[in-house]
Protein chains: 2
Amino acid sequence: MLKYDGVLDKCEIICVGTELLIGSTLNTNANTIALALADNGLYCYWQTVVGDNVDRLSDQIRTSISRSDLVIFSGGLGPTEDDLTMETACMCCDREMVFDQESYDRMEKVFATSGRKFSKNNIKQAMLPKDSVVLPNDNGTAPGACFVTKVNENHSCVLAFLPGPPSELGIMLNKYLIPELKPYTLHSLRNEYVHIIGIGESKAETMISDLIKNQTNPSIAPYASEGECIFRVSQSVDEDSKGEDLITPIIDKMRMTFGDHIYEVGQRSLREVVLDMLVSKNLHCAFAESLTGGMISSGIVDISGASSVFEGGIVTYSNESKVNLLGVSPQTLSDYGAVSKECAKEMAIGVLKAMNADVAISVTGIAGPDGGSASKPVGTVYIGFASHDKCDSIEFHISGNRMRVRKVTALKAFDYLRMLLLRGHYYEEE
Amino acid sequence: MLKYDGVLDKCEIICVGTELLIGSTLNTNANTIALALADNGLYCYWQTVVGDNVDRLSDQIRTSISRSDLVIFSGGLGPTEDDLTMETACMCCDREMVFDQESYDRMEKVFATSGRKFSKNNIKQAMLPKDSVVLPNDNGTAPGACFVTKVNENHSCVLAFLPGPPSELGIMLNKYLIPELKPYTLHSLRNEYVHIIGIGESKAETMISDLIKNQTNPSIAPYASEGECIFRVSQSVDEDSKGEDLITPIIDKMRMTFGDHIYEVGQRSLREVVLDMLVSKNLHCAFAESLTGGMISSGIVDISGASSVFEGGIVTYSNESKVNLLGVSPQTLSDYGAVSKECAKEMAIGVLKAMNADVAISVTGIAGPDGGSASKPVGTVYIGFASHDKCDSIEFHISGNRMRVRKVTALKAFDYLRMLLLRGHYYEEE
């Protein structure tokens, strides 16, 4: 357990890596850490990126530990000579590095299971700051660590080290580091996330602008996210308001405004919400995809436990495969084209039968950059639905590049399925 | 035209915005600027994010202009009171702000064409540092600017201001700012990227450690990337070496060491390399996926132009669908299980036939967190291949969580297909 004598008031982030400085890697780690800090009532005042250079890194560390109570590092924990974050920080803090047998054993085991060879370089990753709290790496080899250093008579600072690969950093941060910091946060925040789909961010903000303006506690802040919109409702819990739930009344007001467009109050993604609905209704599902090319099926499989209701999917990218595998009629293709309401319906029926499912969703459309016509420009998408007793389809127009059109199509497909399961139809016309 | 008395040797980036500090916006601007600097031989040593706060921003500005020759700012040029980047910088540099009639007229015109109302606040955006070079905003209202400030007897620094919205920043940076800076760059860089798969980062580095150590120009730097490894070979082109290609001999040496593990020298992803191979051989492909759930098909469809060789895919998540849609024999499933070499082969043959393709890849495995056994633990994956005259499969063990196992499986599947197209077999045993 981390022992800090005070409150973590000022925090900052230092990301180490030349690849960030030369732009070959987008710095998502700073964002991941920033979000986790904000969610836990820790105020972040600076983010810095420095390269794999001892002099500049140590200058930065000295500046940061003298002005902040918490400095979180990402990157530079790897096995190579370039990776020198912990060493440099220990040098700045006059702290020894010691061999950690437990971390070493863990690494050896990871290597053994994956059949990789444990190289000499990896031993370096078991050298950790003396008297630090070890942060296990559930997704890789390099362990993280955190420790407290006394900067001067009146000031101590927590240094925490996370690995650079995002899949390793995220889990270490939220599962192991945040719980160590939590006892030393000044503000306790209670956060709730309201997830909205089918309404753009600026329109959604306008719809509740009075609510946003007149609220200080809880505060309401929008987060843009591709194809959806998330509001964070954040209550600062101090001595005065302890116990009182100020969030629920706000969420009730938001429900009045947004209705069924709110698909989740909490942490679940749209896919998870849909999967949970399918599980609770015991409905097996299947997907037929054209432009999304497997994104929708893969989106369900992303969730552990999908196998209880997901039968499978068929990606029909050519007309031939639409006919052969989904039983779309050649007449439909020649009369209406592959990108049509009619084709979407037949695709949904086809995959429902092929996979012996209870509900099926299909998508067909033009992702671009090529293709499209005056009547069906790039971004035109049809989503179909089929169940044992119902079949329907709907048209969307999605702006943006190929990737955005495909991603938003996948979201719309899940939302269409959600609304049909919830109400039997898509949103009421507004 | 910008007039600077010297060479822009050290550069840094300051991004201003509380939304970056709390993680509600991902900082893509730092990446965009970093890439433009690297491409033009300008060395970036620091990236900093600070909030919309005069004290912390001015502290940062003073530090930055004293250590760097060029400081590029993004954000804080908007019309609201929060937007104070230029004002604060001018305060730190003792520089007046003056009204710029030309920028004002341009803004008025932009508002007129878009039917928006020109508010009083926007006038603020026509106030620019005295004697600065104005950088026009082709995609929005706020103009940018750059100017030179004398920090002390021996040091001057260029300050450049770009707007926060990425669509405005990118074009202003590359179209207007870079040409102003170009005359003062010392180095011109030539970069090449060597992409390696099937060898981990630390092993790959060890294999060419002599080469890395003994090279200064070109320099060789590794980049870790999930499931693969990238080296950047970067030649500094100065007066002496002008015209001489120092990169090719290095890459030749790397080819000797890594052989077929190098799948690309350039910018293409593994999927793009495989797609290009399929196109050049005019081979139509299909995929049968279990644990990846559509990721492999979707990975191909990500690339514009996939339709010329991609027929489609079948995601068979249940045993029933493996039998019904891919013709896997129930006997195989009961004798060897769905996660087996035999099943992978039959899945590949099944999807080859169903999609009428020339080559097919299948994957089956255990992504976790549940499932698995002593003989086939979580992470056990079989990848199958089928063509008209060949069928094979291979076993992998992949460490990490559900998402990592699935992502690396997709990479391995593409690599398996690449090697079979290239050599007719997977790598030689080492």
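The values are calculated or read from the model by the stated rules, or taken from the named source; none is laboratory data. Just so it is clear, the model here is predicted, and its values are computed rather than measured. Quick reminder, even Gly has a Cβ in these numbers, built from the backbone with ideal geometry, and neighbours come from all protein chains shown.
What the table shows:
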read-out	value
Lone unmet requirement of (1) within 31 Å of the chain's Cα centre (by Cα); (2) within 14 Å of chain B (Cβ to nearest Cβ) for residue A:397	(2)
Filter result for the condition that a residue is of a type outside the set (S, T, N, Q), farther than 26 Å from residue A:28 by Cβ and touching a Cys at 6+ places or on another chain (Cβ under 6 Å), over B:211, B:278	B:278
Check on residue A:264, closer than 20 Å to residue A:194 by Cα and either in contact (Cβ under 8 Å) with a residue 40 or more places away in the chain or surrounded by fewer than 20 Cβ atoms within 10 Å (Cβ to Cβ) (or both)	yes
Search result, residues across region A:132-149 that are over 24 Å from the mean Cα position of the chain (by Cα) and more than 14 Å from residue A:89 (Cβ to Cβ)	A:133, A:134
Members of region B:49-73 that are within 7 Å of chain A (Cβ to nearest Cβ) and surrounded by fewer than 24 Cβ atoms within 10 Å (Cβ to Cβ)	B:51, B:56
Residue B:144, sole failed condition from (1) of a type outside the set (A, V, I, L, M); (2) surrounded by fewer than 19 Cβ atoms within 10 Å (Cβ to Cβ); (3) in contact (Cβ under 8 Å) with a residue 40 or more places away in the chain	(2)
Hits in region A:76-131 - residues which are of a type in the set (S, T, N, Q) and in contact (Cβ under 8 Å) with a residue 60 or more places away in the chain	A:85
Meets criteria (surrounded by fewer than 21 Cβ atoms within 10 Å (Cβ to Cβ), without any contact (Cβ under 8 Å) to a residue 12 or more places away in the chain and more than 30 Å from residue B:396 (Cβ to Cβ)) for residue B:175	no
Failed item in (1) buried (at least 19 other Cβ atoms within 10 Å of the Cβ); (2) within 27 Å of the chain's Cα centre (by Cα); (3) under 18 Å from residue B:162 (Cα atoms), with residue B:43 passing the rest	(3)
Flag if residue A:302 is more than 30 Å from residue A:373 (Cβ to Cβ), more than 14 Å from chain B (Cβ to nearest Cβ), among the acidic types (Asp, Glu) and out of contact with any strand residue (DSSP E or B) (no Cβ under 7 Å at 6 or more places or on another chain)	no
Residue tally, condition over 15 Å from residue B:68 (Cα atoms), surrounded by 20 or more Cβ atoms within 10 Å (Cβ to Cβ) and touching a residue at least 12 places away in the same chain (Cβ under 8 Å), over region B:1-31	8
Residues satisfying the stated conditions in region A:265-277, i.e. closer than 25 Å to residue A:381 by Cα and either of a type in the set (S, T, N, Q) or assigned to a strand (DSSP E or B) (or both)	A:269
Failed criterion for residue B:216 (all others in (1) within 12 Å of chain A (Cβ to nearest Cβ); (2) part of a loop (DSSP other than H, G, I, E, B); (3) surrounded by fewer than 18 Cβ atoms within 10 Å (Cβ to Cβ) hold)	(1)
Lone unmet requirement of (1) closer than 19 Å to residue A:17 by Cβ; (2) among the hydroxyl-bearing types (Ser, Thr, Tyr); (3) modelled with pLDDT of 90 or more for residue A:103	(1)
Enumeration of residues in region B:278-295 that are over 19 Å from residue B:381 (Cα atoms), assigned to a helix (DSSP H, G or I) and of a type outside the set (Ser, Thr, Tyr)	B:278, B:279, B:281
Boolean, residue B:340 is more than 25 Å from residue B:275 (Cβ to Cβ), within 36 Å of the chain's Cα centre (by Cα) and at pLDDT below 95	no
Test: residue in region A:276-298 that is closer than 30 Å to residue B:408 by Cβ, among the charged types (D, E, K, R) and away from chain B (no Cβ under 13 Å)	yes
Entirely in region A:296-403, the helices (runs of 4 or more DSSP H) that have 1 or more residues that are touching a residue at least 24 places away in the same chain (Cβ under 8 Å)	A:319-326, A:341-354
Number of the exception - residue A:195 against (1) within 14 Å of chain B (Cβ to nearest Cβ); (2) farther than 24 Å from residue A:96 by Cα; (3) in contact with a helix residue (DSSP H, G or I) (Cβ under 8 Å, 6 or more places away or on another chain)	(1)
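Let's see how each residue does on (1) modelled with pLDDT under 95; (2) charged (D, E, K, R):
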residue	(1), (2)
B:382	no, no
B:395	no, yes
B:401	yes, no
B:414	no, no
B:420	no, no
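Residue by residue, here is whether (1) at pLDDT 95 or above; (2) assigned by TED's automatic domain parsing to the domain that holds residue A:384; (3) among the polar types (S, T, N, Q) holds:
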{"residue": "A:229", "(1), (2), (3)": "no, no, no"}
{"residue": "A:247", "(1), (2), (3)": "no, no, no"}
{"residue": "A:290", "(1), (2), (3)": "yes, yes, yes"}
{"residue": "A:300", "(1), (2), (3)": "yes, yes, no"}
{"residue": "A:304", "(1), (2), (3)": "no, yes, yes"}
{"residue": "A:310", "(1), (2), (3)": "yes, yes, no"}
